[in-house]
Each structure stands twice: as structure tokens, then as C-alpha cells.
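First the structure, in the form of C-alpha cells, and then the observations on it.
The values are calculated or read from the model by the stated rules, or taken from the named source; none is laboratory data. These figures come from a predicted structure and were not determined experimentally. Cβ placement follows ideal geometry from the backbone for every residue including glycine, while neighbour counts extend to all protein chains displayed. SASA here: full protein model, heavy atoms, side chains in, ligands and nucleic acids out. Shrake-Rupley method; radii C 1.70, N 1.55, O 1.52, S 1.80 Å.
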Amino acid sequence: MRGMPHPQYEFANGTVNSCRRFHSIPSLQRPPCGPRTNVETYEGQRSANQPREVQKRTFGSAATHIQRNPAYSELNSDDVSYFRSILGDGVVEDEDRIAVANVDWMGKYKGASQLLLLPKSTIEVSKILSYCNTRRLAVVPQGGNTGLVGGSVPVYDEVIVSLAGMDKIISFDKVNGILTCEAGCVLENLSTFVENEGFIMPLDLGAKGSCHIGGNISTNAGGLRFIRYGSLHGNVLGLEVVLADGTILDMLTTLRKDNTGYDLKHLFIGSEGSLGVVTKISVLTPAKLPSTNVAFLSCNDYTSCQKLLLAARRNLGEILSAFEFMDHHCIDLAMRHLEGVQNPLPASQYKFYVLIETTGSDEAYDKTKLESFLLRSMEDGLVADGVIAQDISQASNFWRIREGISEASVKVGAVYKYDLSIPVEKLYDIVEKMRCRLGDNAEVLGYGHLGDGNLHLNILSSKYDDNTLAQIEPFVYEWTSAQRGSISAEHGLGLMKAEKIHYSKSPEAVQLMASIKKLMDPNLILNPYKVLPQSVL
């Protein structure tokens, strides 16, 4: 690229000159603080019958001392016997296996469940919930357990119902690209399946190798393709859901248009398992396009990132499929803690980095369009430096840096994670404000989906500490609310933010949500203590 003198650097398939002009990649798949100490360990798992308060340092969010709801029954041997009668070996009491399901992947949230259930059919899920509702046994639906707000693990002794055994692909409409499958299917497996049929999944996440499509829908996951394909509210065509009393709600349509009454499926997209358990899904998958390009660029300031986004929307238009940004702290972290990644722009350090992906149907046209856009952006001073991936290996390296930031962050100690929607022009202000507030006590990273106005604010420290937390909360929520932003862009509320919903929703809206919850789950057995404040239930 003109004005981009770089030395050669190594990739998996050998030395490639990064100064080379733009190359299109057909059929791409993208697979200053010192070292930190380990996170504080948890106290041992307690008996399900023993009173247990939420441990504030476990959660990385200002503590609300939630008491166990005394209306819930305690598990007994008769309950276990009943579950064995319908599930057989799908009843797990082994302490080691349950311990894994009791803790989220970051090690921040830990419950004390003594029972893990593994149904293999919708009927079995229905029988489980019907029994639990009658007995008032609280339940936590669990998918891949990759969430970031404590929504998929118990708070106390709730029964864990894992959908991992429901992982069948039911059908695929090759004409319309409509996939119907069970909720326990891993996103990456679905992606591989539909790509072999000439389509792609409308969402792509860094956790795609572990997360379940049912969990994606229950949290309304956004991800890396949102700028191109929008939210799951627009891509999910139908659902099958089991309600708290065991009723099976069949909304598993594959129709693009159906304007008969209320579109009830939207109640369950993003409700985090608090209104029902999603068991089957039909989703619209876009056609897989043959031409993909990935650029890794640097900018001198955040204003240039904003202007580059506007220019990309105007000049790349229909082929723009991702626009991700990272500050230099993210790049430093990735280089230190991600195995095998290499800095595409090693000669100098820049303040901000942008990853742009385009996908289209005409390789020559797309290549020319991207080349023209990048040269113009350099001439206008928006881009300081950059490289275009010349093969799949390089493109995978670019994406590995962006997707691996969250993984790298948990390797350095305690991580306070915030997932915010903020007007783009103000999005990075909160990162700078947090650096001023925390000083040398923590490392503050800012990255995310700039095209969606979605900031991932990560604050890294050696351990979870009340003083650090007091500097972060409630300030981060108050500031976001003052910008009319959202305190949860795509991760959900879970346990972490259930009591913070008022920063983004009016009292009237929260009260209506509580009315819906009490109507659909009057015994409040589904995913308790999550999503809504306890005071409104």
C-alpha cells in the first residue's frame, strides 16, 4: 500500500511482503502494565441447604446482598428419583461435573447447585419444568456457559438444566437458507454445516466454539456481523419454547412473513431464560459470498476512527461486513498473552487500530472498491498505516487479535467487564475517564463494534478489590445513562446488572417487564435473581 513502508513479517505459510497491494481472499474463514497475579480463589462449595449470600468479590459488580428466596423448596432424594425416572443417566450428581457447571468461564460467578440435568428432548424439558414448578424448585437453564454477566450459573442451589444434549440439526431449506435445529447446537458447528451448503450464520462470536445457539438467542447475542446482518430479532424466524409450567409453546415457523397477532417469539429473544427455555430454533442464514477482504489499519486518534467509519459506510456500502476498533492497550495485551499471534503493524505504535472486513460477490469489483477507499482514506489523513491480508493465514491472524482480547484479559488477573451502547462520537470518552479515575491501580482497555456503537470496556487489576470497584461503579452506569446509552449492548443483564436496569429503562418499562414475568412464571422458578430487580417481583 502506498505510504506504508514495512519490513517483511512471518506468517504461517511463510514470509509475505506486507507492502503488497490489495489481495482478495476467496472463501475466507476466520477461525504499559506488568504481569498480573492470579484471581482470588473461591471459597469451597457449600451444601445446597446451607444459607449462602452472594460473595461480592466474586462478581466484579457492586454487591447487592441477595438472600435466597425462602419460597423455593430444597432438593431432596425424591426429586432426584423422579428426574432419574424420566432422564436415566441424564441426571448428574458427580461433584466434579457439577462444579464445572456451577462456575462461569471467567471464574467470577459461582453457585452451589447439587444437581445437573441433561435432557435430550423437548418432552423431557417439559416434564422437568412441570415438576419443578409444582415443587417450586428453582431452575437455571444453561447452554455453553460463555456468558459474561452471571446469567447462566446458579446463585444458590438452583437445579441446572443443560441443553447440551439437544444438539441435532432438524432441517435445512437450501432454497431459502432457513436452518431449523435444537437449542444445544454449538454455533461453530452450525456455521460449518451451513457453509458447506453455501450459506453463513448471521452471527459470529469469539466464543463460537463453545456457545450454543439457544444461549445466543436467549441473550440476543450481537457479535461481529451485526453491522451487516443485524440482530437476532431480525434473523430468527421461529422458536419452540417450554414455559415454566411445562407448556410447550410451538412457534417454530419458517415463514418470512406472518402477521397474525402478537409475535411472541420476541419475548424470548434476549430474556435470558427468565420467561421460558428455548428448545428449537429456525433462523434465516444469508448466502455465503465468494469474495472476502480483511484490512488491519491504524489511526492516530479516535476522531479519525469515527470519520473512517462514516467513510466506510459511504464508500464500501453493500460490501462492508465488519468494522471493529481496538486501542493500543488491547494490541499490547494480545501480543503478550495470545499464543501465535503477530502484530501486523510492528514498526510503530499507534493509538488506535481498526479491522475492516468486506464480503461480496465480485472479486475484482470488491478489490478495486476497497483499494480506492483505503488510498483515499490515507490521502485524507484518516489512516496512518495498514495492511491488507493476502491469504487466509494473515486474515486469521488479524481476526485472532480482535477476537482474542477477551480471552487474553482473563489471563492477567481480575477483569471488570462492561458492555455498553453509547453514541459513537462519545463512545471512547468513558475509557479516558476511567483511566483518570483509576490511575495506576488498573489497566483500562477500550475495544468493540464501532459500527454498532458498542464499546467493550475492560478494566484489568491484580485482584477483585472493593476500592477499585467503588471507583468504577456506579460511575460507569451513571455516565452511560447520562449519554442515553445502554448498560448492556449485547451481553445481557444476568446477575451482574439485574439491579442496574433502571439506568437504561424507565420505571414504567421495568414494571411492565415484571408483570410479564409474573404472568408467565408466577412461581418465579426460571433463572431467579437475574434480569429484573428483586424489588419489583
Go through the stretch 181-190 and count every residue that is buried (at least 20 other Cβ atoms within 10 Å of the Cβ) and over 15 Å from the mean Cα position of the chain (by Cα). 6
Residue check for V476: touching a helix residue (DSSP H, G or I) at 6+ places or on another chain (Cβ under 9 Å), within 30 Å of D157 (Cβ to Cβ) and not assigned by the TED database to the domain that holds G150: no
Name the pairs whose Cβ atoms lie under 6 Å apart, with the first residue in the stretch 187-201 and farther than 19 Å from G360 by Cα, the second in a loop (DSSP other than H, G, I, E, B), and 6 or more positions between them or separate chains? L187/K208; L187/C211; E188/K208; E188/G209; L190/M201
Residue check: is N454 more than 23 Å from V153 (Cα to Cα), open to solvent by less than 50 Å² (accessible area, probe 1.4 Å) and in contact with a Ser or Thr (Cβ under 8 Å, 6 or more places away or on another chain)? yes
Which of (1) over 16 Å from the mean Cα position of the chain (by Cα); (2) open to solvent by less than 10 Å² (accessible area, probe 1.4 Å); (3) over 30 Å from A312 (Cβ atoms) is the odd one out, the single condition G494 does not satisfy? (1)
Residues being closer than 17 Å to A164 by Cα and loosely packed, with under 10 Cβ neighbours inside 10 Å: count how many of those fall in the stretch 78-93. 1
Restricted to the stretch 267-299, and to residues that are more than 17 Å from G246 (Cα to Cα) and of a type in the set (G, A, S), which residue is most open to solvent (accessible area, probe 1.4 Å)? A287
Please specify each residue of the stretch 120-141 satisfying the condition of being hydrophobic (A, V, I, L, M, F, W, C) and either surrounded by 20 or more Cβ atoms within 10 Å (Cβ to Cβ) or not in a helix (DSSP H, G or I) (or both). V125, I128, L129, C132, L137, A138, V139, V140
State whether one or more residues within the stretch 458-467 are out of contact with any Ser or Thr (no Cβ under 8 Å at 6 or more places or on another chain), under 29 Å from L232 (Cβ atoms) and surrounded by fewer than 17 Cβ atoms within 10 Å (Cβ to Cβ). no
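Table: residues versus (1) open to solvent by less than 30 Å² (accessible area, probe 1.4 Å); (2) assigned to a loop (DSSP other than H, G, I, E, B).
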residue	(1), (2)
E195	no, no
S210	no, yes
N216	yes, no
L224	yes, yes
G234	no, no
L239	yes, no
L249	no, no
T260	no, yes
Would it be correct to say that L345 is more than 24 Å from the chain's Cα centre (by Cα), open to solvent by less than 10 Å² (accessible area, probe 1.4 Å) and more than 26 Å from I200 (Cβ to Cβ)? yes
Somewhere in the stretch 301-309, is a residue open to solvent by 10 Å² or more (accessible area, probe 1.4 Å), at pLDDT below 95 and not in a strand (DSSP E or B)? no
For A389, indicate whether it is of a type in the set (A, V, I, L, M) and open to solvent by less than 10 Å² (accessible area, probe 1.4 Å). yes
